[in-house]
1. Nearest 20 debye, what's the magnitude of the dipole of the chain about its Cα centre given +1 on Lys and Arg Cβ and -1 on Asp and Glu Cβ?
2. Assign unit charges at the C-beta atoms only (+1 for Lys and Arg, -1 for Asp and Glu), then state the dipole size of region 30-91 relative to its Cα centre in Debye, rounded to the nearest 20.
3. Roughly what would the spin-label model give for MET30 and LEU55, points 7 Å off Cα along C-beta, in nm?
4. Please sort 19-25, 86-92, 130-136 by packing, taking for each peptide the average over its residues of neighbouring beta carbons within 10 angstrom, highest first.
5. Which aspartates and glutamates, if any, have their Cα less than 13 Å from the Cα of LYS104, not counting same-chain residues under 8 positions apart?
6. Just subtract the alpha-carbon distance of ASP43 and GLU148 from 0.36 nm times their residue separation and send over the number in nm, one decimal.
7. How high is the relative contact order of the chain? Use alpha-carbon pairs under 8 Å, at least six apart in sequence, and give a whole percent.
8. Ordered by packing density, taken as the mean number of other Cβ atoms within 10 Å over each peptide's residues, highest first, how do 99-106, 144-151 rank?
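No value in this document is a laboratory result; all are computed from the given coordinates. Since the structure is predicted, the reported quantities are computational estimates derived from the model, not experimental observations. Please note: Cβ atoms are built from the backbone with ideal geometry, for glycine as well, and neighbour counts cover all protein chains shown.
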Amino acid sequence: MAIRNIVQLGEAVLRTVAKEVSDFDDRLHMLIDDMIETMIDADGIGLAANQVGILKRVFVISLDLEKYYEFVNPRIVEYSGSEIFEEGCLSILGVKGNVERPSKIKVVAQDRNGKEFDLDADGLLARVIQHEYDHLNGVLFVDKVVGETTKVEG
Ligand code: ZN
């Protein structure tokens, strides 16, 4: 596994729609393993492939470093509720802002071997899934901030 460089705001790859994955091969598995290591190294809780410069519909999440989620070709098929919560992004360091999102979702996705699964999520997990899903479509949280963004240390 290897830590990859995290692309920062201003790079076109963050504004480009990622492509569906069709090959569930060693290259994909290596990408996912590297993304997990990169996310952990950066103290993040989610990372999309666009953020390491790869235009594939893949993201990884871990809220607690115990449970790891891998999503390939995800689709959010149900939304409900609404919640405002502060977000940040490993590609926009030093900026935080409040974003309103649905509070409950259902996602259908594939795992690294192409097997389809679905997941009902709420709370922080639902939020992070939607944040990472946006990355796959070239959308960033700063596009959705309610009110002002705030500058933070680090
Ligand atoms: Zn992000």
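1. Working: 17 positive and 28 negative charges, 86 e Å.
In debye, rounded to 20, the chain gives about 420.
2. 400
3. Each label point is offset 7 Å from its Cα along the Cβ direction, giving 2.1 nm.
4. Details: 19-25: 12.6, 86-92: 20.0, 130-136: 22.4.
The most tightly packed comes first, giving 130-136, 86-92, 19-25.
5. Straight-distance partners of LYS104: GLU78, GLU83, ASP120, ASP122.
6. 35.4 nm
7. 25
8. Per-residue mean Cβ counts within 10 Å order the peptides as 99-106, 144-151.
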